[in-house]
1. If you project the alpha carbons of region 179-280 onto the principal axes, what extent comes out on each, in Å, largest first?
2. For residue 187 and residue 46, calculate 0.36 nm times their separation in residues minus their Cα-Cα distance, and state this gained length in nm to one decimal.
3. Shape of region 43-118 from its Cα gyration tensor (a ≥ b ≥ c, root eigenvalues): rounded if a/c is under 1.5, otherwise prolate when a/b > b/c, or oblate?
4. Give me the Kirkwood hydrodynamic radius of region 156-220 in Å, from all C-alpha pairs, to one decimal place?
5. Under a 10 Å cutoff between Cα atoms, tell me which one of 247, 236, 145 has the largest fluctuation in the Gaussian network model of the chain.
6. Hey, what does the equivalent ellipsoid look like for the chain, semi-axes from the Cα gyration tensor as sqrt of 5 times each eigenvalue, largest first, whole Å?
7. What percent of all Cα-Cα pairs in region 249-320 falls in each 5 Å bin, counting up from 0?
8. Taking the Cα centroid of region 28-57 and of region 272-320, what is the distance between the two, rounded to the nearest whole Å?
Ligand SMILES: Cc1cc2nc3c(=O)[nH]c(=O)nc-3n(C[C@H](O)[C@H](O)[C@H](O)COP(=O)(O)O)c2cc1C
């Protein structure tokens, strides 16, 4: 094997492990990287306690682009850290907005726990354009004491929620009650929740096929691969340093990276073992997937994207309450040109007929082995400094 090929293989193994967790001689997740998952301790400022839950929201590529300003008393101002975007995979920052919606939903739930109503005013200085986001606030939140508030039962799942990329139990279907709980969790949002399972084997197979094809495209689109490489955190030291991105603790890539043999500036060629083996691994996870779910919105403005994020995290918490795992699959929903056919295909599969209608989230669902949490930077790291 020549050196270039070797680097490619290692690079491929790494990205595979980042997207599909792997076993073997792994390094341990540094305790400091996951300390946030113990939940906030006593805080003199209740806003920090609330944020201790909000930062546990899912975020595309675990970038945690939430920038929080607490300088005005009783107020939380949320902006987007525009150095934490994914311009290649998510050119219009739709997924970033979804991730901000998930943050706001957990913030709302945590506020309720304290008897505080979170009055969330979205885009108080104007909505972002459809293509760009900027430094203007995503939301201004005022916390108001309200004795009539009802606590949110899904709150108890926040510390337990995980994105699970393992193989799922093919023959263990999700119970009708659980689907109902997931559907109920998104009311009264104006969006459409749907799912497909083993009772529709032909349709289920079409979902698997599309997920596999979109994944193949992602893996063979060099600039998107390199963008993912740029947020890989390889080995315990990098994970501990960054506490964001895609943590990779498997032995082989960690060793190769340590030896300087994994060059994160080179993307593997389509016929490399790196790519073909990942496609095979991902296909086997798809084959083990008993169900898919999705969220469709009637339009795609920024407020709608935020609401989709709020709804998605509620679904994930409702799933978690029933022991069901989810893994979002964003590839076919992404707006970069190479995915145009996948994008059209998911619309066809889910029978979208109106031009503005948008599939905001698509995920595999099922029962999976328990996994550990993903790193978080912690509340202090999310705060705007004076
Ligand atoms: C909008 C959005 C898109 C996502 N897309 C994917 C995806 O395509 N594949 C995947 O494995 N995880 C995806 N995720 C999950 C994130 O990678 C995950 O939230 C992050 O790594 C943190 O892990 P956690 O959810 O376990 O806290 C997505 C999450 C969000 C909010």
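1. 50, 34, 24
2. Fully extending the segment from residue 187 to residue 46 adds 48.0 nm.
3. It comes out prolate by the Cα gyration axes.
4. Computed over region 156-220, the radius equals 14.7 Å.
5. Fluctuation is largest for 145.
6. 32, 25, 20
7. Spelled out per bin, shortest first, that is 3, 11, 11, 13, 12, 10, 16, 17, 6, 1, 0.
8. 25 Å
Coordinate-derived values only; no laboratory data. Everything numeric here is computed off the predicted structure, so don't read it as measured data. Note that each Cβ is placed from the backbone with ideal geometry, even for glycine, and that neighbours are counted across all protein chains shown.
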